[in-house]
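Novice: This structure is in structure tokens; I'll ask about it shortly.
Every number in this text was worked out from the coordinates using simple rules, so none of it is lab data. Bear in mind the structure is a predicted one, so any value in this text is a computation, not a measurement. With ideal geometry, Cβ positions are generated from the backbone for all residues, glycine too; neighbour counts draw on all protein chains shown.
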Amino acid sequence: MSNENRTKALLKEYEIAAQFNVHQDQLNWQVGSILVGGSIAAVALSFSVSNSQLKLAPALVSAAGIVAVLSWFLLVRRNRGLSGVATSRMKAIEAELGLQFECHLWTAAGPRGQTTIPFPNGGVEVKKVPKPTGFESVIFLTVGIIAVLIAIVFYVLLT
């Protein structure tokens, strides 16, 4: 394969990997909005049931909500791993082509939360990225929602 054809193939692979990452991110939040939003709406609706035989409905619906939220978290964690594979490949392509975009993003998202962008004139710019990361936000959201749902289960069972 000629150098020009190799470069075209690598750029196409890079584009496909980037599209894959966007798709995974969108999928995570679309599924999350359905599962998390649906769980919260179902719990709220279950409290409106006035039948005494269905007194435990909010507890049962909350338990189902816990399962739904945990399922969403597991999906996000899996998709994060798949996106990591695509991103690693993108970084390898960048290294071969002398590019640095993904490398700078990963450095900025790392523990230090910053990256240094070099300019052709010899200057540099330090860019800081505030925490939390997207995945840390998912963890916080998951723990918070599950804590509320557990509190609802105990409230219903103890009253």
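Novice: Can you say whether Ala86 is within 16 Å of the chain's Cα centre (by Cα), of a type in the set (A, V, I, L, M) and within 19 Å of Leu11 (Cα to Cα), as far as the supplied structure shows?
Specialist: Numbers: within 16 Å of the chain's Cα centre (by Cα): yes; of a type in the set (A, V, I, L, M): yes; within 19 Å of Leu11 (Cα to Cα): yes.
Judged against the criteria, Ala86 is a match.
Novice: Any residue that is of a type in the set (Ser, Thr, Tyr), farther than 22 Å from Ile145 by Cα and assigned to a helix (DSSP H, G or I) - is there at least one of those in region 25-37?
Specialist: no
Novice: Being of a type outside the set (Phe, Trp, Tyr), touching a helix residue (DSSP H, G or I) at 6+ places or on another chain (Cβ under 7 Å), farther than 20 Å from Thr133 by Cβ and exposed (fewer than 13 other Cβ atoms within 10 Å of the Cβ) is true for just one of Glu13, Glu96. Which residue is that?
Specialist: Numbers: Glu13 fails: exposed (fewer than 13 other Cβ atoms within 10 Å of the Cβ).
Unique residue meeting the criteria: Glu96.
Conditions (1) surrounded by 12 or more Cβ atoms within 10 Å (Cβ to Cβ); (2) in contact (Cβ under 8 Å) with a residue 24 or more places away in the chain; (3) touching a helix residue (DSSP H, G or I) at 6+ places or on another chain (Cβ under 8 Å), marked per residue:
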site	(1), (2), (3)
Gly38	yes, yes, yes
Ser48	no, no, no
Val61	yes, no, yes
Gly65	yes, yes, yes
Val69	yes, yes, yes
Leu74	no, no, no
Met90	yes, yes, yes
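Novice: While we're here: Please give the helices (runs of 4 or more DSSP H) falling wholly within region 54-159 in which 3 or more residues are under 30 Å from Ala44 (Cβ atoms). Let's see the steps before the verdict.
Specialist: Numbers: elements: 57-97, 101-109, 134-158.
Hits in region 54-159: 57-97, 134-158.
Novice: Considering only residues that are surrounded by 11 or more Cβ atoms within 10 Å (Cβ to Cβ) and more than 30 Å from Pro58 (Cα to Cα), which ones fall in region 125-151?
Specialist: Residues satisfying the conditions are Lys127, Val129, Thr133, Gly134.
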